[in-house]
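Chemist: Structure below; questions to follow.
The values are calculated or read from the model by the stated rules, or taken from the named source; none is laboratory data. All figures in this text were calculated on a predicted structure; none of them were measured in a lab. When we count neighbours, we look across all protein chains shown, and the Cβ atoms used for this are built from the backbone with ideal geometry, even at glycine. Heavy atoms of the whole protein, side chains included, go into the accessibility calculation; ligands, DNA and RNA do not. Shrake-Rupley method; radii C 1.70, N 1.55, O 1.52, S 1.80 Å.
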Amino acid sequence: MIHTSSPAPLWKSRLSALAVAVALSTVLGCSASVARAGGGPLDGPDWEKAGSAQMCIPAKKGATLTFGGDELHNYGRKDVVVDDVALLEPKGLRLVDAVVLPTRNTFIGYDSHYPPAKFFRDAVGSAWDRRKSAVGATIAPQPVSTADGSPTHNLVVAVRVTDTARVRMTGVIVDYHVGKKQYRWHNITSLVVQTKKAEC
């Protein structure tokens, strides 16, 4: 089933990713499960209660997709510096770009093209034009909630379809550090690419 709708405001860090998936994605499918807790400042106070989601996007081999429903939100008291972004357990997918957008209460979401269509870029205003590479990005401490429109960061990943059978990934990994301490964050949304049907 294909869904298109206008962007919706976000509520909380990891739960917001699921909310935006529903509001912004061109195609999706969801399934609930228990997420593993993290331990760094990018893991919010609601992390242990967060479920998971699965996105499904129809695309052909060679297409580059937008995977942009996640938030990098610094709940700590010191700057976070991103060291690396990678796909978690990819099959038939290759990472080609990862950027962060300075935004407030809307995310790019998911699209079957990259860069995403004008509809999605317009949804975040000037944030798309102010995007920067995720690797090397510094994320300053932020308020716990973005419900009041406080600044946050939208992680947008571009993935290329390189195969036609069982194309998928478990999620996205972000390695980062605070001072001399290293951390790893992962999102709660996986991806399945339907290469042989027009719809998921």
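Chemist: Semi-axes of segment 51-200's equivalent ellipsoid from the Cα gyration tensor, sqrt of 5 times each eigenvalue, largest first, rounded to whole Å?
Modeler: Semi-axis lengths for segment 51-200 are 27, 18, 13 Å.
Chemist: Further question on the same structure: Once each part is reduced to its C-alpha centroid, what is the distance from segment 79-140 to segment 141-195 in angstrom?
Modeler: So the two Cα centres are separated by 8 Å.
Chemist: Let me ask something else about it. What net charge is computed for the residues neighbouring VAL167, neighbours being all others with C-beta under 9 Å from the C-beta of VAL167, Lys and Arg scored +1, Asp and Glu -1?
Modeler: Its environment carries a net charge of +3.
Chemist: Next up: What number comes out for accessible area per residue over segment 54-200 if the probe is 1.4 Å? Units Å², please.
Modeler: For segment 54-200, the per-residue accessible area is 45 Å².
Chemist: If you take the square roots of the eigenvalues of the alpha-carbon gyration tensor of segment 58-131 and sort them as a ≥ b ≥ c, do you get rounded (a/c under 1.5), prolate (a/b over b/c) or oblate?
Modeler: oblate
Chemist: Summarise the accessible area of segment 67-200 (1.4 Å probe, protein heavy atoms) by the percent that is carbon and sulfur.
Modeler: 49
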